[in-house]
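One structure is given here, and the rest of the page talks about it.
The values are calculated or read from the model by the stated rules, or taken from the named source; none is laboratory data. None of these values were measured; they are calculated from a predicted model. Here the Cβ positions follow ideal geometry from the backbone for every residue, glycine too, while neighbour counts run over all protein chains shown.
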Amino acid sequence: MPATLLSWIRHNREAITKWVIWGIIALGLIWGLFIADNGGPQPIVDGIRFGSILMLGAIGLTLTYKILNFANFAHGDILIFGAYIAFSVDGLMVDSLPQLFPILADPANDDLLRLIALFIAMISAVFGAIGFALLIDRILYRRLRRSASVVLVIASFGMALFIRALVQAVWGVATHTYSVRVTLPMYVDAFGIFQFRMTLLQLVTITTAFTLIILLHLFLRYTRTGKAMRAMSDNMDLARVSGINTEKMIRWTWGIGSGLAAVAGVFAGLNLGGLTPIQGSDILLYLFAAVILGGIGSPYGAMLGALVIGIAQTILIAPVTTISSQYKPGIAFLLLIIMLLVRPQGLLGSAGRKG
């Protein structure tokens, strides 16, 4: 091999590695769609559904790291705390709404009643999770703001254990489900080429997740608060001396992250068969994998990493019927290990990123 070619490869090693990874991802999609015996669009649609839930949770985790510079191990438990708030409000609304609006007492409107109750419950979960996260920041993290990152990490781990114990004390350890009824899947025929099935709940999950992602992008890109948050993520001290109210931006960070996490928690409870107190810690592992895979500190990288993990699990497991679905988490962490070995900055991260 000519010396000039070797020199070019060494000089462009990072770019080559990045494009090799993208090529492998593209080949995986092609294999899952067209080559695997039990492949096709169905595993990819299922992966997008799970990935869209992870996207909402991963955003808050990466924003916290990017702006506050610590890995928040309590994020998964805040996610499930919001989901449990939604569970309580959901049951309350199903019992009280027919008394306030007699038309909803008609059995013919039972499905409508449950959907309205779930919508109100989700809104309540968002505000409940935001308020709880701001309270935690006020009591704990604000006092440790100037401490080393490892101190905040240990504090967040302790807070995660506290939240989990609180959830168990209030709601118990049994599995809880929302009142909305599971509907039969509808079959979608895309141009006579791809056929897959999807329930209304799955469609709402994917649509809501991507809608919130688009709104967040517009918020960060075009609003003064979003621009201030991006300035803080680059250099908090410079943002402070430039006149940005950093404490206010930190509150916005907690609000956005915990609010989206609450929505992710509700959708996780709806799509994964119910709620358990330890579910938050299980999801947190996926969220860390998504954040690292996409690029630590990059919101868009976290979104991409979540989708890659969701799709990779299904297209690699579904076609091989001899492998149990219980091995799906292993796919996420295998991708994580490979990424740390070949490209530690992630898919959309840069080599000079802090951390």
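General remarks:
- Across the stretch 230-252, a minimum of one residue is classified as among the β-branched types (Val, Ile, Thr) and farther than 27 Å from Ile163 by Cα.
- The single condition from (1) assigned to a helix (DSSP H, G or I); (2) surrounded by 15 or more Cβ atoms within 10 Å (Cβ to Cβ); (3) aliphatic (A, V, I, L, M); (4) modelled with pLDDT of 75 or more that Ala332 fails is (4).
- Taking the stretch 110-144 as the range and being surrounded by 15 or more Cβ atoms within 10 Å (Cβ to Cβ) and among the basic types (Lys, Arg) as the test, only Arg114 passes.
- Where helices (runs of 4 or more DSSP H) fall entirely within the stretch 201-307, those with at least 2 residues that are under 19 Å from Val126 (Cα atoms) are at 246-271, 279-294.
- For the stretch 281-316, the set of residues classified as under 21 Å from Phe70 (Cβ atoms) and among the polar types (S, T, N, Q) consists of Ser281, Ser298, listed by residue number.
- Any chance Met198 is buried (at least 17 other Cβ atoms within 10 Å of the Cβ), within 24 Å of the chain's Cα centre (by Cα) and farther than 25 Å from Pro299 by Cα: yes
- Against the list (1) surrounded by fewer than 24 Cβ atoms within 10 Å (Cβ to Cβ); (2) in contact with a Leu (Cβ under 7 Å, 6 or more places away or on another chain), the condition Gly257 fails is (1).
- For the stretch 68-79, the set of residues classified as crowded, with 24+ Cβ neighbours inside 10 Å and either in a helix (DSSP H, G or I) or hydroxyl-bearing (Ser, Thr, Tyr) (or both) consists of His75, Gly76, Asp77, Ile78, Leu79, listed by residue number.
- Residue satisfying all of: in the stretch 88-108; touching a residue at least 60 places away in the same chain (Cβ under 8 Å) and out of contact with any helix residue (DSSP H, G or I) (no Cβ under 7 Å at 6 or more places or on another chain); farthest from Val170 (Cα to Cα) among these: Gly91
- Which listed residue, of Gly60, Gly82, Gly23, Gly51, is within 17 Å of the chain's Cα centre (by Cα), in a helix (DSSP H, G or I), at pLDDT 70 or above and farther than 30 Å from Val151 by Cα: Gly51
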